[in-house]
1. Summing +1 for each Lys or Arg and -1 for each Asp or Glu, what net charge is found among the other residues whose Cβ lies under 13 Å from the Cβ of L176?
2. Using Cβ counts within 10 Å as a stand-in for footprinting exposure, how do D503, D510 rank, fewest first?
3. Let me have the relative contact order for the stretch 415-472, percent, based on Cα pairs under 8 Å that are six or more residues apart.
4. Just for the chain, what percent of DSSP beta bridges are antiparallel, to the closest 5?
5. Using just the C-alpha positions of the chain as equal point scatterers, what log10 of I(q)/I(0) does the Debye formula give at each q in 0.05, 0.09 1/Å?
6. Sort I424, I276 so the one with the fewest other Cβ atoms within 10 Å of its own Cβ comes first.
7. Would you kindly derive the ³J(HN,Hα) couplings of the stretch 590-599 from the backbone phi angles with the Karplus curve 6.51 cos²θ - 1.76 cosθ + 1.60 (θ = phi - 60°), listing them in order in whole Hz, with x for Gly and Pro?
8. Let a ≥ b ≥ c be the square roots of the eigenvalues of the Cα gyration tensor of the stretch 542-650; is it rounded (a/c under 1.5), or, if not, prolate (a/b larger than b/c) or oblate?
Amino acid sequence: MADTPQETLANLLSEDRTFPPSPEFTQAANVTAAAYDEAAADRLAFWEAQARRLDWSKDWDRVLDWDNPPFAKWFTGGELNVSANCLDRHVANGLGDRVAIHFEGEPGDTRAVTYAELLDEVKRAANALTDLGVEAGDRVVIYMPMIPEAAVAMLACARIGAPHSVVFGGFSAAALSSRIDDAGAKLVICADGGFRKGKAFALKPTVDEALESCPSVEQVLVVTRTGQEVAWNDRDVKWEDAVGGASNEHEAQPFDAEHPLFILYTSGTTGKPKGILHTSGGYLTQASFTHHAVFDLKPETDVYWCTADIGWVTGHSYIVYGPMSNGATQVMYEGTPDTPHTGRFWEIVQKYGVTILYTAPTAIRTFMKWGDDVPAKFDLSSLRVLGSVGEPINPEAWVWYREHIGGGSTPVVDTWWQTETGAIMVSPLPGVTATKPGSAQRPLPGISVDVVDEQGEAVPDGGGGFLVIREPWPSMLRTIWGDDQRFLDTYWAHFDGMYFAGDGAKKDDDGDLWLLGRVDDIMLVSGHNISTTEVESALVSHETVAEAAVVGASDPVTGQGIVAFVILRGQSESSPEHLAELRAHVAKTLGAIAKPRQVIIVAELPKTRSGKIMRRLLRDIAEDREIGDVTTLADNTVMSRIKTGLQGGKED
Ligand code: WT7
């Protein structure tokens, strides 16, 4: 760990607002405070009880095999079919007519797909995959827009035991081919294209280009979404022919609890992508339980909407496997939040009566920037739980979300987890926890998360350090595909017997957890470790600031100096007085040590397609260097726009 803090992290931000759940919410909540005690008394018995949420063809012999750590096996000897748990059992229970997916295409086309229809399509797709020669254990890469067929493809793979690897539709041919190659995929399922920002974009040509260097792929199954013209090769098969023509009879076979379910490559800002491997029984248990507990899902009445893309783990666990194993009705939206207007999300909430919304801080800050009047035009009163994931959520953005989207009364759950953890690990429970804006608060029942110092000792309340996981959990990654050694080195080599995946965190005086960003981003200013998250949150708490990204730039005097890139709310011009005021505001909020050396006003920030700020590139600007590798940026022209539009104020 090259950039690890020398001492525990400075604990600067203090936030004392709390929002207890209403008595009515608590009374009707799926999970009560008793769950924490139950899990603390017997963690494995707790997870065993959660596994009973699922239908097993054969019971397990052992809940957890941790004989060869860190290689865990959960529910050993147990057998189940993941797709049957998401579909067949609901239909068998008489819920076939329930809508599984309210699909909203970006151009405005809509489809309501019931559980019976989804099962029918998945059975046909499973038969089609088998006809194409795909067998249990074969890998299938899925490269699709946000359309119901993406979920059908995933569930059909799961049904026949062929691990899928979904590659986000915004990735390039090079990124796609390296993932196909690493997974050794036999089949690629894609669409001709999709709709985004008011236009059709193409996917199939990218697949064709990627496959020039992927000898493992035998066939490509192509869904027609846009109808655009595509080149056709011998290996290409039309989804509509293969799936449309296949039988809708298919008996799902059970697979071992540890049968691989999917590989998902972490985007990572540097280095070769890691193929995170998830298996079946433990993964589905935790995805299902957390979706039920954290979102308080009532499948009979709720309309759930997770705005993530299926290409990220959030789309796997909280669009496909969690919600569908719970028989949820959900919205799936293909496009962007500003097409054709900036109220599109709120129009969708109003139209479908969405009750539970799960989105990312980057989206929430963008909505803040667009103005309070946009959501105010829509009826959002159906909403009753709001979730956040992907980055630390700044207290101001959290409060804005509760106020302007949640009508000042909905619980907001800030959920911390990772591709590697497979499911939510740290989060409030909406009917139990008095929430604090900006804090993910407590490990879920049955999860053992802690904050430790350099030596791996737990820090006391009020202290900061490294977020670790002490005990194995059901949906944990099993390894990095094809590279056990990298799995050991990346996650298990830092602290003896504990999992570490790179985040800094602090415990407040109540023992609640606050995530402080990746430790690689932590700044060292005059011997103090300062978190980028805390300085960014202080800036966002100023009324003129919509979004901020902070980096440590090398400084001859202090080691690193804090440089802040700021997007203003509803205005683009600043003045020397205003910049001085922003710097003073941070000093007032966090202390003089955290006062930025420089504040730079920008119109946009460099982000990955999943919305994470790429601070590495901002450090290049702050240190006046040639800008590094921009290939994982959502928009790779943004850096040159930032450089040419620089307006900033330096240290007085
Ligand atoms: C990293 C994992 C989890 C699904 C989407 C991202 C950051 C995620 C939070 C949160 C603070 C968060 C962490 C984590 N992160 N959620 N609620 N508060 N930070 O999955 O791409 O694997 O990224 O996202 O840094 O390690 P991912």
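1. Working: positive: R179, K204; negative: D181, D182, D208, E209, E212.
Charge balance in the 13 Å sphere: -3.
2. Values: D503 20, D510 13.
Taking fewest neighbouring Cβ atoms as first place, the list is D510, D503.
3. Values: 77 pairs, mean separation 14.2, N = 58.
Across the stretch 415-472, relative contact order equals 24 percent.
4. Values: 60 of 97 bridges.
Percentage antiparallel, nearest 5: 60.
5. Log10 I(q)/I(0), no solvent term: -0.21, -0.73.
6. On the way: I424 29, I276 24.
Ascending number of Cβ neighbours within 10 Å: I276, I424.
7. Along the stretch 590-599, the couplings run 10, x, 4, 4, 9, 5, x, 5, 8, 10 Hz.
8. Values: a/c = 1.80, a/b = 1.30, b/c = 1.38.
Oblate.
Each value in this text was obtained by applying a stated rule to the coordinates, not by laboratory testing. Remember, predicted model here, so these are calculated numbers, not experimental data. Heads up, the Cβs are rebuilt from the backbone with ideal geometry, glycines too, and the neighbour counts pull from every protein chain shown.
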